[in-house]
Structures are given as C-alpha cells and as structure tokens.
Amino acid sequence: MPFLSGVWVLLFGFYSSAVYADLLTPWQSKNYIKKAFFEIAYKNEYQLGRTNLRRWQQPIRYRIDYFNLDKPVDIAEALIQDHFQDLSKITGVVVNKNDKNPNFKILLTKKAHYKSAIRRYVNTKIKNLDTQTNCLLYFKQNKQSELTSALVIIPVDHAMSYGLLPACIVEELTQAMGLPNDSDWVSPSIANDKSVLDLLTGLDYLLLKILYDNRLHAGMSVKTSTPIVDKILIDFKRQGMIESSVLKVQELNISKYFN
C-alpha cells in the first residue's frame, strides 16, 4: 500500500469469496503467529522496509455516506454496524456511530461512480484504482503513528453482484484497525488476497488481539515490540486463547449472516 504523505491506501483485489472453516493447523504455533503479525502490521507491499506500529489511540466515530446513490443499502449498513461491534469487542477500541463528527467514513456508491468517488476523496497518483479494485481503504496517521482518520469506499452494486460485499466490509474495516499489509503466505487470513475468505479467521482474531494488547503502543519499532510480542504469545498459549480463537470468531455478530 503506497505511503503518501502520512496517508495509506489499501486495495481489495479481484478474488472470489466464500466462508472458510478453520481447522487445527500449523498456523496456531507461536512462531507462525509472530511472523504473521510482523508481516501484516509492519510491512507494506508498495514500500520497502518496515514502518512503526499503527493503531487507534482514540475512539472510532463512524458515519456511512452515499455518493450518487439515493436509496440506503440496509444489508451493507447492518454488516458495517455488526463488524464494528465485533472489532470493538476484540480490540477494546470504542466504536460509535457519529454523523456529526466522524473520523471514519464509509462511502457507499455505484460502480459507475466509483472512479469519481476515488478522484474526489482519495489523494493518490495511483492509476486505474476503479478497475483494479473492488473496494479500497484510505487512512491517515500522525507523527506518533496513531491512526487519526479513515475512509472506505465500496461500489455496493458491483460488490453485491460478485458476492463480495461481506468480504469488502470485513477486510477494509479490519485492516483499518492497523493491519494494513497483504501477504500471500499468511493463511488463513483476510489479509491474503489469494484466499477465498469472507470472515475473520482465528489467525486474524489473534493478530488484532496482539495489536491492541496494552503492552504495545503506536509508534513502536519492530525491535522494541518483538520481545513484548513474544510475552504476549506465551500468555495467549497459557490462557488457551490460540486454540480457542477458531471458536471465538464463529461467535462474532457477523457470523449470523452465514449460518
């Protein structure tokens, strides 16, 4: 995701989606989870090297807007609300709907207006975003690597026609929490664009729990956070959180749409 003057753009590529059933697999080892965390939280596919840890230090105030789309899309609004509730429960970040003073906007539009919406709201020189993505995330951070605002744009007619609406909402809102990178080897995860996942996996759940553990904070370098992540994972293992993560994601609000 290109770094643009304190701004990050995340893209959701062209892949089909389906519900994934987690099984007890090698990803549940502490070393795999640690490696995946540093891959997804610290790296960026369009920038060499690693950045500092990014996360929200303030409550998220979100608003759903419509761009050249007259009728509300009830299912999209319901999915957004439920997934934000899930993310808040997992991370401890307070998330509330706030139409007057939002710091997180979700812009719903049509495919025909997707390009216009990107041009109007996204400050980037990357070309053909409207044809190369199904939806996108654009966010800002301050000098302390604290996330300060975010924008998600979704062409809902396109997403719904290809069965991608849940995947767009889950991936973009989750990555906006501070897990911006995509990786083909991190699996099972919504951060893997070659996967066919709609919902958070046990691994995604653990990455979010690590990111918002009180022992970490925004701005930490890889060197500083590494021994802390080791301790966090030891605690997770002792508490049975790694093994139970699969069941935890099956209990999330958004899972009810797939039962």
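The values are calculated or read from the model by the stated rules, or taken from the named source; none is laboratory data. None of these values were measured; they are calculated from a predicted model. In this analysis, Cβ positions are derived from the backbone assuming ideal geometry, glycine residues included, and neighbour counts consider all displayed protein chains.
Of all residues in segment 237-252, which are touching a residue at least 40 places away in the same chain (Cβ under 8 Å), crowded, with 16+ Cβ neighbours inside 10 Å and assigned to a helix (DSSP H, G or I)? Matches in segment 237-252: ILE242, SER245, VAL246, LYS248, VAL249. Among the residues that make up segment 157-178, is at least one of them farther than 30 Å from TRP27 by Cβ and in contact with a Leu (Cβ under 6 Å, 6 or more places away or on another chain)? No, segment 157-178 contains no residue that is farther than 30 Å from TRP27 by Cβ and in contact with a Leu (Cβ under 6 Å, 6 or more places away or on another chain). Might you check whether a residue that is under 24 Å from VAL156 (Cα atoms) and in contact (Cβ under 8 Å) with a residue 40 or more places away in the chain occurs anywhere in segment 41-57? There is no residue in segment 41-57 that is under 24 Å from VAL156 (Cα atoms) and in contact (Cβ under 8 Å) with a residue 40 or more places away in the chain. Of the residues making up segment 141-157, one or more are touching an Asp or Glu at 6+ places or on another chain (Cβ under 6 Å) and within 26 Å of ASN98 (Cβ to Cβ). Selection over segment 87-115 of residues that are loosely packed, with under 14 Cβ neighbours inside 10 Å and more than 30 Å from LEU206 (Cα to Cα) gives a count of 4.
Does any residue of segment 121-134 turn out to be surrounded by 14 or more Cβ atoms within 10 Å (Cβ to Cβ) and within 17 Å of the chain's Cα centre (by Cα)? So far as segment 121-134 goes, yes, one or more of its residues are surrounded by 14 or more Cβ atoms within 10 Å (Cβ to Cβ) and within 17 Å of the chain's Cα centre (by Cα). Checked against (1) touching a Lys or Arg at 6+ places or on another chain (Cβ under 9 Å); (2) in contact (Cβ under 8 Å) with a residue 40 or more places away in the chain; (3) part of a loop (DSSP other than H, G, I, E, B), ASP184 meets all criteria but (2).
Give me the residue from segment 196-219 that is within 15 Å of the chain's Cα centre (by Cα), in a loop (DSSP other than H, G, I, E, B) and not acidic (Asp, Glu) and, out of that set, farthest from ARG238 (Cα to Cα). It comes out as LEU199.
Residues to consider are VAL222, VAL229; find the one that is over 17 Å from LEU87 (Cβ atoms), of a type in the set (Val, Ile, Thr) and surrounded by fewer than 20 Cβ atoms within 10 Å (Cβ to Cβ).
Details: VAL229 fails: surrounded by fewer than 20 Cβ atoms within 10 Å (Cβ to Cβ).
Going through VAL222, VAL229 in turn, just one is over 17 Å from LEU87 (Cβ atoms), of a type in the set (Val, Ile, Thr) and surrounded by fewer than 20 Cβ atoms within 10 Å (Cβ to Cβ): VAL222.
Whether any residue in segment 144-162 is of a type in the set (D, E, K, R), at pLDDT 95 or above and either surrounded by fewer than 17 Cβ atoms within 10 Å (Cβ to Cβ) or in a strand (DSSP E or B) (or both) is what I want to check. Yes, some residue in segment 144-162 is of a type in the set (D, E, K, R), at pLDDT 95 or above and either surrounded by fewer than 17 Cβ atoms within 10 Å (Cβ to Cβ) or in a strand (DSSP E or B) (or both).
In this structure, VAL170 does satisfy being crowded, with 21+ Cβ neighbours inside 10 Å and farther than 14 Å from THR109 by Cβ.
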